Amino acid sequence: MDLLNSLKQENGAALVICDIQMPELDGMDVAYHMPAIKRYLRIRFITGGPHADALAARLIADANDLNVGRFLTKPITLSAFKEVLSEEAKLLAAAV
């Protein structure tokens, strides 16, 4: 819930990178609650488990009209992660 509270308190565009399987609030929960946050957000799900969970989170996010990039699969290399961040920075800059 700290993630959602932080997102509600801040302003401006932001990227949320969210693991699908987390102990308190998983990726599907985040996708479900994000529409209540009134700011421009993009989300990327990351998973090391079954892709079915990532696809389910993607469907929830799409149904809630969230801006979702392709999901990331662990392990992710540093260069691939930097590429994702660069791509997302351009999308965020274009949105504001």
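The values are calculated or read from the model by the stated rules, or taken from the named source; none is laboratory data. It should be emphasised that the depicted structure is a prediction, and the values quoted were computed from it without experimental measurement. Quick reminder, even Gly has a Cβ in these numbers, built from the backbone with ideal geometry, and neighbours come from all protein chains shown. Just so you know, the surface numbers come from the protein's heavy atoms only, side chains and all, with ligands and any DNA or RNA stripped out. Shrake-Rupley method; radii C 1.70, N 1.55, O 1.52, S 1.80 Å.
Across segment 15-58, the qualifying residues are those that are of a type in the set (Lys, Arg) and more than 20 Å from Ala89 (Cβ to Cβ), and the one among them that is modelled with the highest pLDDT is Lys38. So which pairs qualify, if the first residue must be in segment 32-50 and farther than 11 Å from Ala13 by Cα, the second must be open to solvent by 50 Å² or more (accessible area, probe 1.4 Å) and among the charged types (D, E, K, R), the Cβ gap must be under 8 Å, and the two must be at least 6 apart or on different chains? If the second residue must be open to solvent by 50 Å² or more (accessible area, probe 1.4 Å) and among the charged types (D, E, K, R), the pairs left are Pro35/Asp65; Ala36/Lys8; Ile37/Lys8; Arg44/Arg70; Phe45/Arg58; Ile46/Lys74; Thr47/Lys74; Gly48/Lys74. For segment 51-96, a residue qualifies if it is assigned to a loop (DSSP other than H, G, I, E, B), open to solvent by 70 Å² or more (accessible area, probe 1.4 Å) and in contact (Cβ under 8 Å) with a residue 12 or more places away in the chain, and the qualifying residues are Asp65, Arg70, Lys74, Pro75, Val96. When you check Ile37 against the structure, is it among the β-branched types (Val, Ile, Thr) and closer than 18 Å to Glu87 by Cβ, yes or no? In short, no.
Within segment 19-50, being of a type in the set (S, T, N, Q) and part of a helix (DSSP H, G or I) holds for no residue.
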